[in-house]
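Peer 1: Following this message is one structure expressed as structure tokens.
Please treat every number below as a calculation from the coordinates, not as lab data. From a predicted model like this one, the values you see are computed outputs, not experimental measurements. Virtual Cβ from ideal backbone geometry, glycine too; neighbours counted across all protein chains shown.
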């Protein structure tokens, strides 16, 4: 870690007023110089969405002499990172942290998550990045337990440097401090959501749907994030954005594409 | 390929009226029984977004005796796939095709793309899936050239079966038929967008931003999708949704997480 305080960009997908974000700010304020650029409204489930067909607004919500500079943004979590890096920050940040998400981003949830997509976007732009999530959807979830773990994980990343093209997906079980067994490096469990749409009618009689579903873990492995979380560990999955399925290329090359 | 016509789900991110979708429908109608569930408006750049905080509408836009059944959906491309599979289709489709996207989804674009995210969602749900894109943003782009290639790729997938957890990202160069050299299996090029936000003012004097940017390919490899497209090939990248960076786990296990 350099002697100059690291510059840390903080964002999330639950919006700038979310308690999870406030906890993350509290931890990061003890580590570095921080700047917050977060969505002005909840943006859960936005994945890696960007705003291409509409305009974007930034509002500075901190005062000029506040220690922490904060902006709200009308766009998605990924928009927040892009605007922060290109329009607000004078230099590339040393770290981007996203969260703390109210709810799990383990397993396949990584792909739907605005929190993780913000971290991935930072990674694409060459910024070390970590997404933090707690397995508790409650707005008033207890984030205090997580603080020393978040501090530890952040300091490890700042000191050791992440490999190029890799960001971290960190999930916390909903447990008391003394119940947490430690931090565990994991792989993403093979799981999916089985949807059960809730079909309703408007007062005018038109059908509409609410997305609902059940998370189904099909993976019995003991090296997965789901296993770690169920067994009292904080899960850390290294996440990449080169989506190439390299293991499939030799098989595909045996197919008769050009005959 | 079974003797029963395969059931093919078609979607896109440019919306149900896009010419690219119409071309894809024309090709698929010769191969299988098809059903279209596509967004009712453009949803480019929506990535893997899902609608969790709002309602979803489906409108049947084909008539009861039409050969092809078509629905428009108020949600994202991923919502379209989820609604099709869970609320419309009586059995799991044999294939999901998405596109033809007006514009490239090669390289890192795969992660922002609603077209590809629809294909990935199908893959997560265990449905073989292909996303098709043309390197031409024009609404009136020439999709005719692509038809025999799309037919060939689709038949190969139906006959040979894709490995579990793998979908295909197919991109076409903007070339005449005689200029296309063939189909090439590739990896995702390491590239990114360098943003240049266009800052403007509303008539009331408030600043706003339009996302704009320049695509920068940092990858000199001759096995990438970018290389293939620049050299006259149709690129096919196998894409996975297990985002674990397995190559980073042994390094991360040497860090002092629990000290």
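Peer 1: Using a ≥ b ≥ c from the Cα gyration tensor of chain B (square roots of the eigenvalues), is it rounded, prolate or oblate, where a/c under 1.5 gives rounded and otherwise the larger of a/b and b/c decides, a/b for prolate?
Peer 2: Details: a/c = 1.30, a/b = 1.18, b/c = 1.10.
In terms of gyration-tensor shape, rounded.
Peer 1: While we're here: Spin-label point model (7 Å from Cα, Cβ direction): what's the residue B:17 to residue B:33 distance in nm?
Peer 2: Placing both labels 7 Å beyond Cα along the Cβ direction yields 3.1 nm.
Peer 1: Also: Would you mind ranking B:91, B:206 by Cβ crowding within 10 Å, fewest neighbours first? If you can, show how the numbers build up before the last one.
Peer 2: Details: B:91 7, B:206 10.
By the 10 Å Cβ count, ascending, the order reads B:91, B:206.
Peer 1: Peptide A:250-259: average number of partner chain Cβ atoms within 10 Å per residue?
Peer 2: Working: counts 1, 6, 12, 2, 2, 8, 6, 10, 8, 3.
If you average over the peptide's residues, the count of other-chain Cβ atoms is 6.
Peer 1: In Å, what is the Rg of the alpha-carbon atoms in the range B:204-259, and how long is Dmax?
Peer 2: Rg, Dmax (Cα atoms, Å): 20.2, 56.
Peer 1: Another question, if that's okay. Just the Kirkwood number for the range B:90-152, please: inverse of mean 1/r across all distinct Cα pairs, in Å, one decimal.
Peer 2: Kirkwood hydrodynamic radius for the range B:90-152: 12.4 Å.
Peer 1: With an 8 Å cut-off on Cα pairs and a minimum separation of 6 or more residues, tell me the relative contact order of chain B in percent.
Peer 2: Working: 539 pairs, mean separation 44.5, N = 259.
17 percent.
Peer 1: What number results when the radius of gyration of the range A:1-94, computed over Cα atoms, is divided by 2.2 N^0.38 Å? Before the final figure, lay out the partial values.
Peer 2: Details: Rg = 13.0 Å, N = 94, 2.2 N^0.38 = 12.4 Å.
Normalised Cα radius of gyration, the range A:1-94: 1.06.
Peer 1: Across the residues of B:187-195, average count of Cβ atoms on other protein chains within 10 Å? Present the calculation step by step, with values, prior to reporting the outcome.
Peer 2: Details: counts 6, 6, 2, 5, 1, 5, 5, 3, 9.
Shielding by partners across B:187-195 averages 5.
Peer 1: To continue, here is another question. Between copies, how close do the residue A:258 label points come, placed 7 Å along Cα→Cβ, listed in nm from shortest?
Peer 2: Here residue A:258 shows inter-copy label distances of 5.2 nm.
Peer 1: Evaluated at 20 °C with a viscosity of 1.002 mPa s, what Stokes-Einstein diffusion coefficient in µm²/s does the range A:161-221 have when Rh comes from the Kirkwood expression over alpha-carbon pairs? Write out the running numbers ahead of the final one.
Peer 2: On the way: Rh = 16.1 Å.
In µm²/s, the coefficient rounds to 133.
Peer 1: Okay, moving on. Once you keep just the Cα pairs under 8 angstrom separated by 6 or more residues, what percentage relative contact order results for the range A:95-180? Intermediate values should be presented prior to the final figure.
Peer 2: On the way: 126 pairs, mean separation 32.3, N = 86.
It comes to 38 percent, rounded to a whole number.
Peer 1: Over the range A:151-259, consider all pairs of different Cα atoms and compute the Kirkwood hydrodynamic radius from their mean reciprocal separation; express it in Å, one decimal. All intermediate terms of the calculation are to be shown ahead of the outcome.
Peer 2: Details: mean 1/r = 0.0557 Å⁻¹.
Across the range A:151-259, the inverse of the average 1/r is 17.9 Å.
Peer 1: Report, for residue A:214, each distance to the same residue's label point in the other copies, shortest first and in nm; define the point 7 Å along Cα→Cβ.
Peer 2: Distances between equivalent label points, in nm: 5.3.
Peer 1: Here's something else I'd like to know. Take the Cα radius of gyration of the range B:16-147 and divide it by 2.2 N^0.38 Å, with N its residue count; two decimals is plenty.
Peer 2: Values: Rg = 13.8 Å, N = 132, 2.2 N^0.38 = 14.1 Å.
Ratio of Cα Rg to 2.2 N^0.38 Å: 0.98.
Peer 1: Here's another thing I want to ask about it. Among B:88, A:150, which comes first, second and so on when ranked by fewest other beta-carbon atoms within 10 Å?
Peer 2: Details: B:88 16, A:150 24.
Listed from fewest to most nearby Cβ atoms, that is B:88, A:150.
Peer 1: While we're on this one: Could you rank the peptides B:37-43, B:14-20, B:241-247 by their average count of other C-beta atoms within 10 Å per residue, with the highest value first?
Peer 2: Numbers: B:37-43: 22.6, B:14-20: 19.7, B:241-247: 18.1.
Those peptides, ordered most packed to least, come out B:37-43, B:14-20, B:241-247.
Peer 1: Just to be sure I understand the model, the point goes 7 Å from the Cα along the line to the Cβ. What's the resulting residue A:4 to residue A:164 distance in nm?
Peer 2: 2.2 nm
Peer 1: Please report the projected area of the range B:101-225's Cα convex hull averaged over all directions, in nm².
Peer 2: On the way: hull surface 41.1 nm².
Mean projected area for the range B:101-225: 10.3 nm², to one decimal.
Peer 1: Can you list the copy-to-copy distances for residue B:182, using a point 7 angstrom from Cα toward Cβ, in nanometres, shortest first?
Peer 2: Copy-to-copy label distances at residue B:182, shortest first: 5.3 nm.
Peer 1: Residue B:207 versus residue A:223, label points 7 Å from Cα toward the beta carbon: distance in nm?
Peer 2: Those two pseudo-labels are separated by 4.8 nm.
Peer 1: Now for a separate question. Over the range B:180-259, what relative contact order in percent results from Cα pairs under 8 Å that are six or more residues apart? Walk me through the numbers before you get to the answer.
Peer 2: Values: 104 pairs, mean separation 28.8, N = 80.
With pairs under 8 Å counted, the relative contact order is 36 percent.
Peer 1: Continuing with the same structure: Alpha carbons only, please: Rg and Dmax for the protein assembly as shown, in angstrom.
Peer 2: According to the Cα coordinates of the protein assembly as shown, Rg and Dmax are 22.6, 73 Å.
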